[in-house]
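The values are calculated or read from the model by the stated rules, or taken from the named source; none is laboratory data. The model shown is predicted, which means the values in this text are computed figures rather than measured ones. Positions of Cβ are backbone-derived with ideal geometry, glycine not excepted, and every protein chain shown enters the neighbour counts. For accessibility, only protein heavy atoms count, side chains too; no ligands or nucleic acids. Shrake-Rupley method; radii C 1.70, N 1.55, O 1.52, S 1.80 Å.
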Amino acid sequence: MIVAIAVTQPQAPARQARRNSPMYRAWQRYRKNWFAVAGLIWVIIFFIIGIIGPWIAPYSYTYADFLHMHSGPSWQHWFGTDTVGYDVFSQILYSIRYALEIALGATCVSFLIGVILGLWAGLAGGIIDVIVMRAVDFMFALPSFFFALILMVLLGKGIFPMILAIGVPGWAGYARLIRSLVLAMRNGEMVEAARALGASQWHIARRYMFPNVVGSMVVSLAFGIPYDLTAQAGLSIVGMGLNPPMPSFGNMLAQAGANILGFPWLLYFPAGVFAITLLSFLFVADGLQEAFNPKGGV
């Protein structure tokens, strides 16, 4: 009995400390939102399919079954075939991978540029802050989709050009968010004490600023990914996306629009998967916003 007590006593404070941690409390708030949990499950499945999709696809995206063009859903082609004979189910699996590569790459580009400029403007202040914020105002005044079209014309088609075309115009929102958070903490006691001890701006940003804005940045990233997915599809619909036969949701939706009356499955399946994915990312973002909100429950 004495040994059992000696073993279990140290575990109770550790368990209590874990339950009092910010991440645990955030998860408790997140799991109360059933839409956010369902969205997270679909997002995880979406990521898994994006990784293993090409290996589980029944056909290659370059294989065209000319004997079954315009074929409806069947055991041979679960989601039917398109006007060329491509298997729609396989096209969707490949499209998920390319959509993830482009959306995540573009979000990372926007995020890195925005964080660097936002931290720099918030910490430096003065003329640097003015220049960065005027650049932010210019980016907000110029439609980002129009900017992406210009970049695609200059860079050409492909995965990497699309990442840059979508990612470069999207940094302004992250920069404005990070700057506002930094300004709220710049004159705080921790930052003032660090300056008094001779800490550099980089040390202050890394040690004191960045950890306190992680929650807001995670929420902003979660909202940014569905926007980048939509931008990628929009570029493909107007003919500035991936070159066929490389599949993408935008290419499939553009083809479906011209054949919706005769071959509705060309629209229903890719549009359904795309719509559920966007909603799932938005549910996840909404759940994260509630989880990291200090006014939330738990």
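If you check Ser71, Ser60, Ser90, which single one turns out to be more than 30 Å from Ser200 (Cα to Cα), among the small types (Gly, Ala, Ser) and surrounded by fewer than 18 Cβ atoms within 10 Å (Cβ to Cβ)?
When all the criteria are applied, what remains is Ser60.
Only one of these is open to solvent by 50 Å² or more (accessible area, probe 1.4 Å) and β-branched (Val, Ile, Thr): Val238, Val273, Val284. Name it.
None of the other options fit; the residue is Val238.
Can you find a residue in region 257-268 that is of a type in the set (Val, Ile, Thr), modelled with pLDDT of 75 or more and over 20 Å from the mean Cα position of the chain (by Cα)?
No; the residues of region 257-268 include none that is of a type in the set (Val, Ile, Thr), modelled with pLDDT of 75 or more and over 20 Å from the mean Cα position of the chain (by Cα).
Given the options Ala99, Ala26, name the one that is surrounded by 14 or more Cβ atoms within 10 Å (Cβ to Cβ) and at pLDDT below 80.
Ala26
Taking helices (runs of 4 or more DSSP H) that do not extend beyond region 160-213, which have at least 1 residues that are touching a helix residue (DSSP H, G or I) at 6+ places or on another chain (Cβ under 9 Å) and at pLDDT 85 or above?
It comes to 171-186.
Here are some residues: Ile150, Ile166. Which one is β-branched (Val, Ile, Thr) and free of Cβ contacts under 8 Å to residues at least 40 places away in the same chain?
Ile150
Answer with yes or no whether Ser110 is in a helix (DSSP H, G or I), open to solvent by less than 10 Å² (accessible area, probe 1.4 Å) and under 17 Å from Met246 (Cβ atoms).
no
In region 143-154, what count of residues is obtained for those that are surrounded by 15 or more Cβ atoms within 10 Å (Cβ to Cβ) and not aromatic (Phe, Trp, Tyr)?
Counting residues in region 143-154 that are surrounded by 15 or more Cβ atoms within 10 Å (Cβ to Cβ) and not aromatic (Phe, Trp, Tyr) gives 5.
Filter region 169-191 for residues that are under 26 Å from Leu151 (Cα atoms) and of a type in the set (A, V, I, L, M, F, W, C); which is most open to solvent (accessible area, probe 1.4 Å)?
Leu177
Working only within region 117-134, note down all residues that are surrounded by fewer than 21 Cβ atoms within 10 Å (Cβ to Cβ) and within 24 Å of Gln232 (Cβ to Cβ).
Hits for region 117-134: nothing passes.
Given (1) touching a helix residue (DSSP H, G or I) at 6+ places or on another chain (Cβ under 7 Å); (2) of a type in the set (Phe, Trp, Tyr); (3) free of Cβ contacts under 8 Å to residues at least 12 places away in the same chain, identify the lone condition not met by Tyr268.
With (1) touching a helix residue (DSSP H, G or I) at 6+ places or on another chain (Cβ under 7 Å); (2) of a type in the set (Phe, Trp, Tyr); (3) free of Cβ contacts under 8 Å to residues at least 12 places away in the same chain applied to Tyr268, the lone miss is (1).
On the given criteria, is Val37 open to solvent by 30 Å² or more (accessible area, probe 1.4 Å), in contact with a strand residue (DSSP E or B) (Cβ under 6 Å, 6 or more places away or on another chain), not polar (S, T, N, Q) and not in a strand (DSSP E or B)?
Spelling it out, it is not the case that Val37 is open to solvent by 30 Å² or more (accessible area, probe 1.4 Å), in contact with a strand residue (DSSP E or B) (Cβ under 6 Å, 6 or more places away or on another chain), not polar (S, T, N, Q) and not in a strand (DSSP E or B).
Between a first residue in region 79-94 that is under 12 Å from Pro245 (Cβ atoms) and outside any helix (DSSP H, G or I) and a second residue that is among the small types (Gly, Ala, Ser) and open to solvent by 10 Å² or more (accessible area, probe 1.4 Å), which pairs have beta carbons less than 6 Å apart while being 6 or more apart in sequence or on different chains?
If the second residue must be among the small types (Gly, Ala, Ser) and open to solvent by 10 Å² or more (accessible area, probe 1.4 Å), the pairs left are Val84/Ala64; Gly85/Ala64; Tyr86/Ala64.
Please determine whether any residue of region 217-233 is out of contact with any Cys (no Cβ under 6 Å at 6 or more places or on another chain), assigned to a helix (DSSP H, G or I), open to solvent by 40 Å² or more (accessible area, probe 1.4 Å) and among the acidic types (Asp, Glu).
no
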